[in-house]
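Trainee: One structure, as structure tokens, below. Some questions next.
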Number of protein chains: 2
Amino acid sequence: MITVTIIGSGNIAFHLAKAWHKSEKVKLKNVIGRSKKSLAEFKQFANVSSDFSSIGSTDICLIAVSDEAIGSVSEQIPQGDYLVLHTSGATNLKAISDKHRRGVFYPFQSFSKNRTFKYAEIPLLLEVGTVKDKELLIQLAESFSQNHQFLDSEQRLKLHLAGTFVNNFANHLFQIGFDLCQANKLSVELLKPLIRETTDKIMHIYPKEAQTGPAKRNDKETIEKHLALLPEGKYREIYKLITSSIQNTNEKL
Amino acid sequence: MITVTIIGSGNIAFHLAKAWHKSEKVKLKNVIGRSKKSLAEFKQFANVSSDFSSIGSTDICLIAVSDEAIGSVSEQIPQGDYLVLHTSGATNLKAISDKHRRGVFYPFQSFSKNRTFKYAEIPLLLEVGTVKDKELLIQLAESFSQNHQFLDSEQRLKLHLAGTFVNNFANHLFQIGFDLCQANKLSVELLKPLIRETTDKIMHIYPKEAQTGPAKRNDKETIEKHLALLPEGKYREIYKLITSSIQNTNEKL
């Protein structure tokens, strides 16, 4: 049984606590956070506290706070016999104070509190400062998802960048589609079967093979009709740039 | 029983023929196309022919060819007692020769032959040149999908534009994510649970509410780290433009 203390009360903290409070491999001892309001939601999973001195004896101290707070929070954690982890994709392991044994436990998913997830399928990217902590981190990983692997901080940042395109940026394109519908009194429900198929298809086919549309077939007439509907602004710029990128898709990376 | 002749042997023609060959409301008489090779796949659904004079007596003549060929194909169809439809989102009803009774039957989906679809859920956008053909077109629509509505050519083009963002352009962002993984020896499988969640979430939440990431929270440090990984080129330009669009998301449309 691994004992775990979570520091932070955001979305990642919430889903890790939710997964671990009924785990047979993990005992969630404590959730520590500043916001009494956020902590209230965690009482169903563990003891809650706003005091770092309440950490006491634990195998794992998991920091699930915003990227820029990882360093200072790790400084506030008293030195002790535990592995201190952060959960950030874009943050180096070394952001954690070097007074601790350090590691990273990065679940590659976009968490919201009111969504349910199949935790066992979420890719987990792991890193440790010293080899002797590897086994402990693997044990912790197994308690959450079978889909785990070690990745150094540089590679993890690259994966995070890829995630920014497929999640944050794709979502923005969905927003543009929704905005266009709303501006033109078309139901956004019309878009949903198409969005589903867009995603379902690339579960089986590489996106380059799945690419269709006026840009791909260089259908200048349709492109001109589309541009005539888009007033000057970011959406029009995005239309032009992505059209051009689809047509010259041999980027050096 | 409505009798239908399809002209064209591409992806839309294929799925309409597949849906209608076992319909109790539609009798698929004939599929007419130039390519003998493409037509071979249609023999399981109907008679095939390369000869426009084989159209004969039919209630519906449905043109499912590339946008730019709709006009000339409609010219080649002998005048007759049938409703002539095209299936294009970006093409005006008037692209069909005015010697015919005209209409539009636009299934709003991205079709590939080797994919299966729940036809009944695909939004169908309809248009007729004269009111008296409305009932016939509705009957035809009902034989394919319950999800149908009338939309004029201008509105249909706007929906097509929205579809270009959520399908063609989102797919390109998925490609960028896949390319980044491949260039950095990361499995593209890592992206799939995140892509699934990106889409699943906006089935319930408006994309603007679902937006997360460094652009949204103006996390300049992470944005700089990401840009340092992107060489000069389209993908870098796309990163910067969409980041900026997320941060100034009050477009006039």
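The values are calculated or read from the model by the stated rules, or taken from the named source; none is laboratory data. Given the structure is predicted, the values throughout are model-derived calculations rather than measurements. In this analysis, Cβ positions are derived from the backbone assuming ideal geometry, glycine residues included, and neighbour counts consider all displayed protein chains. Note: areas computed on protein heavy atoms with side chains; ligands, DNA, RNA excluded. Shrake-Rupley method; radii C 1.70, N 1.55, O 1.52, S 1.80 Å.
Trainee: Tell me, which residue of the range A:52-80 that is under 24 Å from A:LEU126 (Cα atoms), hydroxyl-bearing (Ser, Thr, Tyr) and more than 20 Å from the chain's Cα centre (by Cα) is most open to solvent (accessible area, probe 1.4 Å)?
Mentor: Our first condition is that a residue be under 24 Å from A:LEU126 (Cα atoms); within the range A:52-80, this holds for A:55, A:57-80.
Now restrict to residues that are hydroxyl-bearing (Ser, Thr, Tyr): A:57-58, A:66, A:72, A:74.
Among the residues that remain, those that are also more than 20 Å from the chain's Cα centre (by Cα) are: A:57-58, A:72, A:74.
Working: A:SER57: 90, A:THR58: 6, A:SER72: 63, A:SER74: 0 Å².
Looking at residues that are under 24 Å from A:LEU126 (Cα atoms), hydroxyl-bearing (Ser, Thr, Tyr) and more than 20 Å from the chain's Cα centre (by Cα), I get A:SER57.
Trainee: Then there's this: Looking at B:LEU159, is it in contact with a strand residue (DSSP E or B) (Cβ under 8 Å, 6 or more places away or on another chain) and facing chain A (nearest Cβ under 7 Å)?
Mentor: Values: in contact with a strand residue (DSSP E or B) (Cβ under 8 Å, 6 or more places away or on another chain): yes; facing chain A (nearest Cβ under 7 Å): yes.
Against the criterion (in contact with a strand residue (DSSP E or B) (Cβ under 8 Å, 6 or more places away or on another chain) and facing chain A (nearest Cβ under 7 Å)), B:LEU159 qualifies.
Trainee: Moving on. Give the residues of the range A:97-137 that are surrounded by fewer than 20 Cβ atoms within 10 Å (Cβ to Cβ), more than 14 Å from the chain's Cα centre (by Cα) and among the hydrophobic types (A, V, I, L, M, F, W, C), sorted by residue number.
Mentor: Residues satisfying the conditions are A:ALA120, A:VAL131, A:LEU136.
Trainee: Determine if the range B:166-182 includes at least one residue that is closer than 19 Å to A:ALA215 by Cβ, in contact with a strand residue (DSSP E or B) (Cβ under 7 Å, 6 or more places away or on another chain) and buried (at least 20 other Cβ atoms within 10 Å of the Cβ).
Mentor: Of the range B:166-182, the ones closer than 19 Å to A:ALA215 by Cβ are B:166-179.
From what's left, in contact with a strand residue (DSSP E or B) (Cβ under 7 Å, 6 or more places away or on another chain): none.
No, the conditions are met nowhere in the range B:166-182.
Trainee: State whether the residues of the range A:110-128 include one that is modelled with pLDDT of 95 or more, β-branched (Val, Ile, Thr) and touching a strand residue (DSSP E or B) at 6+ places or on another chain (Cβ under 7 Å).
Mentor: Yes, the conditions are met somewhere in the range A:110-128.
Trainee: Then there's this: So, A:LEU136, is that one modelled with pLDDT of 95 or more and at the interface with chain B (Cβ under 9 Å from one of its Cβ atoms) or not? Step through it out loud before you land on a result.
Mentor: Details: modelled with pLDDT of 95 or more: yes; at the interface with chain B (Cβ under 9 Å from one of its Cβ atoms): no.
In short, no.
Trainee: Give the residue that is farthest from B:THR222 (Cα to Cα), with candidates limited to residues of the range B:239-252 that are at the interface with another protein chain (Cβ under 7 Å from one of its Cβ atoms) and open to solvent by 80 Å² or more (accessible area, probe 1.4 Å).
Mentor: Of everything passing the filter in the range B:239-252, B:LYS252 is farthest from B:THR222 (Cα to Cα).
Trainee: Does A:PHE150 satisfy being in contact (Cβ under 8 Å) with a residue 24 or more places away in the chain, closer than 26 Å to B:LEU227 by Cα and more than 7 Å from chain B (Cβ to nearest Cβ)? Talk me through it step by step, then tell me what you get.
Mentor: Values: in contact (Cβ under 8 Å) with a residue 24 or more places away in the chain: yes; closer than 26 Å to B:LEU227 by Cα: yes; more than 7 Å from chain B (Cβ to nearest Cβ): yes.
Criteria met by A:PHE150.
Trainee: Does B:ASP200 satisfy the criteria of being at the interface with chain A (Cβ under 7 Å from one of its Cβ atoms) and open to solvent by 20 Å² or more (accessible area, probe 1.4 Å)? Spell out the reasoning first.
Mentor: Values: at the interface with chain A (Cβ under 7 Å from one of its Cβ atoms): no; open to solvent by 20 Å² or more (accessible area, probe 1.4 Å): yes.
Spelling it out, it is not the case that B:ASP200 is at the interface with chain A (Cβ under 7 Å from one of its Cβ atoms) and open to solvent by 20 Å² or more (accessible area, probe 1.4 Å).
Trainee: Another question, if that's okay. Return the only residue of B:LYS216, B:LYS185, B:LYS225 being on the phi > 0 side of the Ramachandran plot and either surrounded by fewer than 22 Cβ atoms within 10 Å (Cβ to Cβ) or more than 7 Å from chain A (Cβ to nearest Cβ) (or both).
Mentor: Working: B:LYS216 fails: on the phi > 0 side of the Ramachandran plot; B:LYS225 fails: on the phi > 0 side of the Ramachandran plot.
None of the others qualify; the one that does is B:LYS185.
Trainee: Here's another thing I want to ask about it. Going through the range B:3-44 one residue at a time, which ones are over 22 Å from B:GLN76 (Cβ atoms), in contact with a helix residue (DSSP H, G or I) (Cβ under 6 Å, 6 or more places away or on another chain) and outside any strand (DSSP E or B)?
Mentor: Correct list: B:ALA19 only.
Trainee: If you take the residues in the range A:10-25 that are open to solvent by 10 Å² or more (accessible area, probe 1.4 Å) and in contact (Cβ under 8 Å) with a residue 40 or more places away in the chain, which one is farthest from A:GLN44 (Cα to Cα)?
Mentor: Residues of the range A:10-25 that are open to solvent by 10 Å² or more (accessible area, probe 1.4 Å), as a first pass: A:10-12, A:14, A:18-19, A:21-25.
From what's left, in contact (Cβ under 8 Å) with a residue 40 or more places away in the chain: A:10-12, A:14, A:19, A:23, A:25.
Values: A:GLY10: 15, A:ASN11: 15, A:ILE12: 16, A:PHE14: 11, A:ALA19: 12, A:SER23: 14, A:LYS25: 18 Å.
That would be A:LYS25.
Trainee: For the range A:36-51, name all the residues that are without any contact (Cβ under 8 Å) to a residue 40 or more places away in the chain and either touching a Pro at 6+ places or on another chain (Cβ under 8 Å) or surrounded by 11 or more Cβ atoms within 10 Å (Cβ to Cβ) (or both).
Mentor: From the range A:36-51, those without any contact (Cβ under 8 Å) to a residue 40 or more places away in the chain are A:36-40, A:42-45, A:47-51; that's our starting set.
The answer is A:SER38, A:LEU39, A:ALA40, A:PHE42, A:PHE45, A:ASN47, A:VAL48, A:SER49, A:SER50.
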